[in-house]
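No value in this document is a laboratory result; all are computed from the given coordinates. All figures in this text were calculated on a predicted structure; none of them were measured in a lab. Here the Cβ positions follow ideal geometry from the backbone for every residue, glycine too, while neighbour counts run over all protein chains shown.
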Amino acid sequence: MRWGLLGTSRVSRHLIPLLHQLDGHEPVAVASRSPARAEQFARQWNIARALSPYEALLNDREVEVVYNALPNSLHAEWTIAALRAGKHVLCEKPLATRAADVDAIVDAARAAGRAATEAFMYRYHAQTARLRSLVADRAVGDVRSVSGEFSFLLNRPADVRLESGLEGGALWDVGCYLTSYARLIMAREPSSVWGWQEIGPSGVDLTFAGLLVFPGSYAPLDCGFRSAYRASIEIVGTEGVLQVPNPFRPGVRERLILARPDGAQTIEVEGRPWFADAVDEMRRLADGQPPTLPLSESRGNVATLEALYRSAREQCWVQPAC
């Protein structure tokens, strides 16, 4: 599959080496609003064509799949544009910042006969499949809580994740993993949510804490840009506890820790490099296979995030419009 990259973001640098290495994939073009930036990026990463503006990538007949790594506020707009141009799309998370925009992406994909999916790379990894199997087999009994934390120290003032006009903020950037994970394990949408945020000088949330409530269970979350790096998930059930030390960026060797009344065990999981399974997912989708991460699940996650932000603003419990 011939890939085109929308934007020259830092996260793209995790994807490009795999496109060069994996059989059946090739990065053929990169687009930026700045011709000079596109040229520099293409030379650095051995990409054949540097294009500007973004529309030039969508008009490139050789490009089959678009990787949309633009700022959050541009995800829906350019995913829809790429679909209408006849491209499949792997879009960085969050797929959109409004549930209604996910609906528009669904309509565009259906009309174009093309596939779109969200780049939650963990969803395609063997570790997540193993974890879901353990939960389904009642390794922890009935799930009572899924707690998660994801933070790091962001000290680059010009970072796009700090720009309110580009829909930056901790919840959109890292908190979206926590809501996605909780909803996956609970296998349903939350009935209500509560959120609290600390707003920074640029107008985006630097810290966000929240609670998702499900029937008979709950999911607390803690994320932000003002703390040292932390990333973990803990699933607590009636008969045991599952800990996921590296939930969001799993690699070739991972481990899950299962603690039960009769003792604890470490479960080794062999997988592939971060991004590899998501890359191959695009070929599966192009061949008409069912998605690992349906757009309906992406919509539910965006609706949950919208509800958390509304709760934090209004300081009240909110029911997501999933």
If amide hydrogens are placed 1.01 Å from N in the peptide plane, which non-local residues have theirs closer than 5 Å to the one on V269? E254, R255, L256
Can you give me the angle between helix 99-112 and the longest principal axis of the chain, using Cα atoms only, in degrees from 0 to 90, rounded to the nearest 10? 50
At a threshold of 8 angstrom on Cα-Cα distance, excluding pairs fewer than six apart, so keeping six or more, what relative contact order does the stretch 206-322 reach in percent? 12
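By counting other Cβ atoms within 10 Å of each Cβ, how are D287, D173 ranked from fewest to most?
Ascending number of Cβ neighbours within 10 Å: D287, D173.
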When R299, R33 are ranked with the fewest other C-beta atoms within 10 Å first, the list becomes R33, R299
Footprinting exposure proxy for T8, T117, T79, T238 (fewest neighbouring C-beta atoms within 10 Å first): T238, T8, T117, T79
Looking at the calculated P(r) for the chain, what percent of the C-alpha pair distances fall above 26 Å? 48
Roughly how many whole Å is it from the C-alpha centroid of the stretch 256-322 to that of the stretch 173-207? 12
Largest-first ellipsoid semi-axes for the stretch 2-119, taking √(5λ) over the Cα gyration tensor eigenvalues, angstrom: 22, 14, 13
Listed by chain and number, the residues whose amide H is under 5 Å from that of I199, excluding neighbours fewer than 5 places away on the same chain and using placed H, are L206
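Just to confirm the filter: which GluC sites (Glu not before Pro) across the stretch 168-242 are DSSP coil and have at most 14 other Cβ within 10 angstrom of their Cβ?
Here the GluC sites (Glu not before Pro) that fit, given the DSSP loop and packing criteria, are E239.
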Rounded to the nearest 10 degrees, the helix 35-44 long axis (Cα) sits at an angle to the longest Cα principal axis of the chain of 70
Between the residues A109, A81, F214, the Cα farthest towards the positive end of the dipole of the chain, that dipole coming from +1 and -1 charges on the beta-carbon of Lys, Arg, Asp and Glu, is from A81
How big is the dipole moment of the chain about its Cα centre under a simple scheme where the beta carbon of each Lys and Arg is +1, that of each Asp and Glu is -1, and everything else is neutral? Debye, nearest 20, please. 340
Can you give me the angle between helix 126-136 and the longest principal axis of the chain, using Cα atoms only, in degrees from 0 to 90, rounded to the nearest 10? 30
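At 10 °C and a viscosity of 1.306 mPa s, what translational diffusion coefficient does Stokes-Einstein give for the stretch 122-314, taking Rh as the Kirkwood radius over Cα pairs? Give it in µm²/s as a whole number. Mind showing how you got there, number by number?
Numbers: Rh = 17.5 Å.
Value of D from the Cα-based Kirkwood radius: 91 µm²/s.
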